[in-house]
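What follows is a single structure, written as structure tokens, with notes after it.
The values are calculated or read from the model by the stated rules, or taken from the named source; none is laboratory data. Because the structure is a prediction, the values reported are computed rather than measured. Positions of Cβ are backbone-derived with ideal geometry, glycine not excepted, and every protein chain shown enters the neighbour counts.
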């Protein structure tokens, strides 16, 4: 009987603690550096290009260990093609595309430490909404933004306006506010519309999907201090 009573007391104590920490609403800001490229069956010459991401988030805690996080992030994606060859260019030309989205991930977040701090994992679906695009060509030995870089396109008609994808990440909540994270985001949807050949001289298909690594810093407000 004593063992049963002790077990019930421990269970009640755990449930009370979980209840005490549930319903905690936090909000915050985040930003960081990204490396984006295209994945797909013919993405051989496509490599990573740098960019950034920034935005806001809301986090609802069911307990110290489990929460739901919704974000709205401006994200630069796209890719760099090393050997871009068309009638007007040669293989000594690079192609750089910066495609801008508003990403809305909905994430289950699992934190391993106490009081919402410590190592955390996050996973969930993401919807991305196209904002703009800018395509450039440049000689291989010229850097981004050099006078030799030429803007060749800002038209978004050849791009899919909405992409559905997924997010997986890991990070560390340093304090009740400050945290660091690394995540990967990938799309199920193609970047370009059916029938569009985005990279003539490189591929004959449009089988490209966004593939992005993000290195983020965030700060949370609200909830417990």
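A residue that is at pLDDT 90 or above, loosely packed, with under 15 Cβ neighbours inside 10 Å and within 15 Å of residue 77 (Cβ to Cβ) can be found somewhere in the range 171-185.
Inclusion of residue 78 among residues that are within 14 Å of the chain's Cα centre (by Cα) and either modelled with pLDDT under 95 or not in a strand (DSSP E or B) (or both) is warranted. Picking from residues in the range 32-64 that are part of a loop (DSSP other than H, G, I, E, B) and modelled with pLDDT of 90 or more, the one that is nearest to residue 190 (Cα to Cα) is 48. When you scan the range 122-134, do you find a residue that is crowded, with 17+ Cβ neighbours inside 10 Å, over 29 Å from residue 193 (Cα atoms) and in contact with a strand residue (DSSP E or B) (Cβ under 7 Å, 6 or more places away or on another chain), even just one? Yes, the conditions are met somewhere in the range 122-134.
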